[in-house]
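Participant: The structure that follows is given in the form of structure tokens.
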Amino acid sequence: MTTYFGAIADDFTGATDLASLLARSGVPVSLRVGIPEGPPNRTAPLEIIALKCRTAPVGEAVAAALAAFEWLRQAGAQRFFWKYCSTFDSTPQGNIGPVAEALMKALKADQTIYCPAFPENGRSIFMGNLFVGEQPLAESPMKDHPLTPMRDSNLLRLLQPQVKSPVGLANRHVVAAGSEQLEHRLQELRKAGVAHVVTDAVANADLATIAEACRDMPLLTGGSAIAMPLPELWIKQGFVTRSETTSEDQPEAGSAIVLSGSCSSMTNRQVASFIAKGHPGFKLDPLALAQGGVEEVFEWLSDQTADASPIIYATAAPEDVRAAQAKLGTARAGAIVEATLAACAVKARDRGFRRFVVAGGETSGAVTKALEIRRLTIGKEIAPGVPWCFAQTDGRPVAITLKSGNFGAENFFTEAFERLQS
Ligand code: ADP
């Protein structure tokens with residue numbers, strides 16, 4: 001199928017989040033992990049390339065985004081999207097503006113919008129200020145982020161140092177007045193030389209208005225939610241059509257396993273709930289792993305029967321995580337756990353497991369890499385932002401879902417397996 005839409009995401013779980021919102025439309029979505037090698041093949045109408053460039057130096061991020069763009073353009077894409085975090089994670093030396101400007105130049109676009117709003121997840125923009133729930137961004141926990149501390153809530157002020165051309169605002173009053181008024185405002189700003197327009201949105205209806213007003217822009221930028229209404233518009237215009245997920249990547253029947261490296265409070269509850277249902281579990285201890293390696297868990301995995309749906313987890317309470325980090329160092333503790341879960345994924349695959357539920361953003365990256373998965377076809381959504389994905393590993397089809405941190409309800413793991421069967 002010819003590709004119509006090409007998105008470039010600045011990190012991996014952000015890309016799966018975008019993929020699941022686009023897939024709600026029923027139009028096939030495909031996600032590539034990193035810039036694909038070789039020319040486009042078996043492309044979907046909606047293609048996403050996941051980069052890992054959120055905190056990369058500007059030159060590196062721009063080069064990666066342009067390479068991704070070229071591949072998407074070769075695939076036939078006519079509309080492009082630059083996806084970043086709904087909390088606008090960046091620094092004054094950040095990549096959001098420079099990548100947008102480079103893509104605009106490549107597309108000869110004179111204007112784009114910036115809309116990281118995600119109302120369903122509590123991210124809203126009013127008068128150019130970004131809110132996380134009821135808190136301004138700079139008063140939210142994002143102010144203490146280890147890599148991208150957000151100390152200003154005003155998107156115009158955050159963006160201006162990152163770009164060369166002027167930044168302007170299309171405020172909520174204009175958006176609420178409808179797509180024609182918004183188009184008029186964008187035109188007015190264009191005449192005044194404003195290339196970068198921060199666009200307010202506080203509800204899903206605003207996102208629909210913005211999508212309608214901006215449907216002819218070759219490049220849009222924002223969080224995942226602003227892309228959500230686009231496929232419906234393109235279906236009406238006849239540019240894309242709904243269809244079932246292609247059968248090639250559907251998993252064969254096979255046993256299922258949960259691998260959990262997230263220590264968020266929700267994942268802790270999900271693990272406890274899954275074990276309470278009687279699934280066999282192996283708890284990884286970073287200290288024991290540092291001393292004894294992976295033999296013990298490998299042996300345990302070899303003893304598991306195909307129908308038991310076991311779980312291997314490092315998920316632990318905050319005090320246990322702190323204790324392991326104090327002894328091993330935070331980075332080393334994390335790396336040991338990630339490497340072990342990744343090795344377990346490979347071992348499980350080689351033993352015939354074909355359905356994988358992975359919990360944790362970093363953990364998901366490690367597991368996907370170890371399984372050498374380069375492409376994911378997006379299937380049914382299990383929870384908002386968490387879809388089943390179909391992929392090939394070692395020449396065999398598998399189903400995999402990648403759940404970050406606090407996503408999903410308490411019975412997420414069971415729900416995931418049930419959803420695959422329905
Ligand atoms: P989340 O999506 O919840 O942030 P991640 O997988 O991104 O989950 O991050 C969790 C990090 O914590 C990973 O690097 C993982 O290896 C590490 N980790 C998991 N369990 C433990 C533990 N018991 N002790 C120390 N670090 C751990």
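The values are calculated or read from the model by the stated rules, or taken from the named source; none is laboratory data. Being a predicted model, the structure only gives us computed values, none of them experimental. When we count neighbours, we look across all protein chains shown, and the Cβ atoms used for this are built from the backbone with ideal geometry, even at glycine. Areas reflect the complete protein model, heavy atoms only, side chains present, ligands, DNA and RNA absent. Shrake-Rupley method; radii C 1.70, N 1.55, O 1.52, S 1.80 Å.
Participant: Which one of TRP82, VAL33, VAL167 has its Cα pushed farthest toward the positive end of the charge dipole of the chain, where Lys and Arg give +1 and Asp and Glu give -1 at the Cβ?
Facilitator: VAL167
Participant: Additional query: Straight-line reach from LYS164: which lysines have Cα under 19 Å away, leaving out those fewer than 8 places along the same chain?
Facilitator: LYS105, LYS108, LYS191
Participant: Expected output is a single nm value to one decimal: the length gained when fully extending between LYS164 and GLU212, i.e. 0.36 nm times separation in residues minus the C-alpha distance. What is it?
Facilitator: Separation in residues times 0.36 nm, less the Cα-Cα distance, equals 14.6 nm.
Participant: Then there is this: Name the residues whose placed amide hydrogens come within less than 5 Å of the amide hydrogen of ARG123, ignoring near sequence neighbours (fewer than 5 apart) on the same chain.
Facilitator: Residues meeting the criterion, in which the H sits 1.01 Å from N, are PHE118, GLY133.
Participant: By how many nm would the segment from ARG242 to LYS283 lengthen if fully extended, with 0.36 nm per residue of separation less the alpha-carbon distance?
Facilitator: Gain on stretching ARG242 to LYS283: 10.5 nm.
Participant: Taking a probe of 1.4 Å, how large is the accessible area per residue of the chain, in Å²? Walk me through the intermediate numbers first.
Facilitator: On the way: 17220 Å² over 422 residues.
I get 41 Å² per residue for this part.
Participant: Taking the DSSP beta bridges in region 5-237 as the whole, what percent of them are antiparallel, to the nearest 5?
Facilitator: Within region 5-237, antiparallel bridges account for around 25 percent of the total.
Participant: Taking 0.36 nm per residue of separation and subtracting the Cα-Cα distance, what length does fully extending GLU180 through THR2 add?
Facilitator: Values: separation 178, 0.36 × 178 = 64.08 nm, distance 3.04 nm.
Once the chain is fully extended between GLU180 and THR2, it gains 61.0 nm.
Participant: Continuing with the same structure: What do you get for the angle between helix 318-328 and the principal long axis of the chain? Use alpha-carbon atoms, 0 to 90 degrees, nearest ten.
Facilitator: For helix 318-328, the angle is close to 80 degrees.
Participant: May I ask for the angle, rounded to the nearest 10°, between helix 96-107 and the longest principal axis of the chain, with both axes built from Cα atoms and the value confined to 0 to 90°?
Facilitator: So the inclination is approximately 60 degrees.
Participant: Arrange the peptides 87-95, 8-16, 186-194, 230-238 so that the one whose residues have, on average, the most other Cβ atoms within 10 Å appears first.
Facilitator: Going from most to least packed, we get 8-16, 87-95, 230-238, 186-194.
Participant: Take every DSSP beta bridge whose two residues both sit in the chain, then give the antiparallel share in percent to the nearest 5.
Facilitator: Rounded to the nearest five, the antiparallel share is 35 percent.
Participant: How large is ³J(HN,Hα) for each residue in region 114-125, as worked out from phi by the Karplus curve 6.51 cos²θ - 1.76 cosθ + 1.60 (θ = phi - 60°), to whole Hz, x for Gly and Pro?
Facilitator: 10, 9, x, 4, 9, x, 4, 10, x, 9, 10, 10
Participant: Express in whole angstrom the spacing between the alpha-carbon centres of region 1-60 and region 302-347.
Facilitator: 29
Participant: Could you work out Rg/(2.2 N^0.38 Å) for region 5-237, with Rg from alpha carbons only? Walk me through the intermediate numbers first.
Facilitator: Working: Rg = 16.2 Å, N = 233, 2.2 N^0.38 = 17.5 Å.
Normalised by 2.2 N^0.38 Å, the Cα Rg of region 5-237 equals 0.93.
Participant: Can you give me the distance in nm between label points at PHE126 and SER273, each placed 7 Å from the Cα along the Cα-to-Cβ direction?
Facilitator: Label-label distance for PHE126 and SER273, simple model: 3.2 nm.
Participant: Write down the Å³ per residue value for the convex hull defined by the alpha carbon atoms of the chain. List each step's numbers first, then the result.
Facilitator: Working: hull volume 57.0 nm³, N = 422.
Here the figure is 135 Å³ per residue.
Participant: Then there's this: Under the rule of -39500 (n - 2.57) per DSSP H run of 4 or more residues, summed and divided by the residues of the chain, what mean residue ellipticity at 222 nm is obtained, to the nearest 500 deg cm²/dmol?
Facilitator: Result for the chain, helices only: -11500 deg cm²/dmol.
Participant: Mind giving me the nanometre distance, one decimal, between the label points for GLU139 and ASN41, set 7 Å out from Cα along Cα→Cβ?
Facilitator: Here the modelled spin labels are 5.5 nm apart.
Participant: Whole-Hz Karplus ³J(HN,Hα) for region 166-176, in order, using 6.51 cos²θ - 1.76 cosθ + 1.60 and θ = phi - 60°, x for Gly and Pro?
Facilitator: With coefficients 6.51, -1.76 and 1.60, one gets x, 10, x, 10, 10, 7, 4, 4, 5, 4, 5 Hz.
Participant: Can you give the angle from 0 to 90° between the axis of helix 265-276 and the longest principal axis of the chain, with both taken from C-alpha atoms, to the nearest 10?
Facilitator: That works out to roughly 40 degrees.
Participant: Within region 318-342, name every residue whose backbone N is under 14 Å away from a label modeled 7 Å from Cα of LYS369 along the Cβ vector.
Facilitator: What the label zone holds, given the 14 Å backbone N cut-off, is 332, 334-342.
Participant: Per the 1.4 Å probe, what fraction of the accessible area of region 303-353, in percent, lies on carbon and sulfur atoms?
Facilitator: 52
Participant: What percent does the relative contact order of region 5-237 come to when contacts are Cα pairs within less than 8 Å and at least six residues apart?
Facilitator: Normalised by residue count, the contact order of region 5-237 is 24 percent.
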